[in-house]
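Take a look at the structure set out below.
The values are calculated or read from the model by the stated rules, or taken from the named source; none is laboratory data. What you see is a predicted model; the values in this text were computed from it and never measured. FYI the Cβ positions are ideal-geometry reconstructions off the backbone, even for glycines, and counts take in every protein chain you see. Surface areas here come from the heavy atoms of the whole protein model, side chains and all, with no ligands, DNA or RNA. Shrake-Rupley method; radii C 1.70, N 1.55, O 1.52, S 1.80 Å.
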Amino acid sequence: MFVLSGCSAQDRSGTFYETFVKPMDISLSKIHDYVGSWGWSIVIITLIIRIIILPFMLKNYKSQNEARRGQALARPELEVVQAKQKAAREKEARAISNEEKTQARAELMELQREQMAIMKKYNAMPLTVGGCLPLLIQMPFLTGLFFTLSNPLYSAGIIDSTFLGVFSLGTRSYILPVIAFIVYAIQTRLAMRMTPQVTQPGQEQLQGQMQMMQWLSPVMIAVFSFWVAGAVAVYYIVGGVFLIFQTYLGYKIYPPYKPEKQKKQAFDPNKVTLVSSNKKKRK
């Protein structure tokens, strides 16, 4: 986003334009020479880009699946740490002398380090540079195509064309944004059902807020599709349909981790071995 922040759809100069926008513009024009339809040309070039990026996105699904599995495995130990953190906070609140407060804060810091160690032990860190890499890879290509459709040069015929004889590609559409909302609402619902999140102790409220934010995506895309030319809305719709396929494929290849069903028994926190306990034994 920092690199693209200085870009403009009306700017036809600079490194980003020469590297990403211009090749997209020329490629779109070449595809039109073969298929004879600007609408289907947008569909084809969007699918080509999505297919090229697909292996990186599947790798991201794999990383997310491993993180969710790690979070499920780490939960018993994290619950113990959370209970100790609660006790330490209560101890700090009851402390009278500065020495007691300092001791309670030191205990809290140690427990925070313990929590991080548990997450690393099970490879349960939710955000990693590697996990964001597929998103960073696709950003310039998809942005380049967006700028091309917003201000075409070699494919300027889009401005005066229609798709399926109904949708204008060069002007605002009132139907395409509705279709875009439906497509991305389906994709969001599918993603939430097929990739259930593992809620860590004390994060239930945060999890609910994140789910609410996921539903903002269909709304924002629909609103944005209303303000731009129909060609951009078609690009969004095709991308959304492919995302539905991508989500389903990722689920089939990397199904979410399901803990094995065990006989119900009383939970004994004393039987949970923490990372720090193992370190003390080695010493």
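Numbers for the structure displayed
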| read-out | value |
| --- | --- |
| Answer from 115, 103 - the residue that is under 28 Å from the mean Cα position of the chain (by Cα) and at negative phi | 115 |
| Enumeration of residues in the range 135-162 that are small (Gly, Ala, Ser) and either crowded, with 17+ Cβ neighbours inside 10 Å or at pLDDT below 80 (or both) | 144, 155, 161 |
| Index of the failed condition, residue 179 passing every other in (1) open to solvent by less than 80 Å² (accessible area, probe 1.4 Å); (2) among the β-branched types (Val, Ile, Thr); (3) modelled with pLDDT under 90 | (3) |
| Unique residue being out of contact with any strand residue (DSSP E or B) (no Cβ under 9 Å at 6 or more places or on another chain) and either at pLDDT below 80 or loosely packed, with under 14 Cβ neighbours inside 10 Å (or both) when the list is 45, 31, 51 | 51 |
| Test for residue 203: is it open to solvent by 30 Å² or more (accessible area, probe 1.4 Å), modelled with pLDDT under 85, among the polar types (S, T, N, Q) and over 17 Å from the mean Cα position of the chain (by Cα) | yes |
| Check on residue 84, charged (D, E, K, R) and in contact with a Gly (Cβ under 9 Å, 6 or more places away or on another chain) | no |
| Residues within the range 60-109 that are among the charged types (D, E, K, R), open to solvent by 60 Å² or more (accessible area, probe 1.4 Å) and in contact (Cβ under 8 Å) with a residue 60 or more places away in the chain, tallied | 4 |
| Residue 238 being in contact with a helix residue (DSSP H, G or I) (Cβ under 7 Å, 6 or more places away or on another chain), at pLDDT 90 or above and open to solvent by less than 30 Å² (accessible area, probe 1.4 Å) | yes |
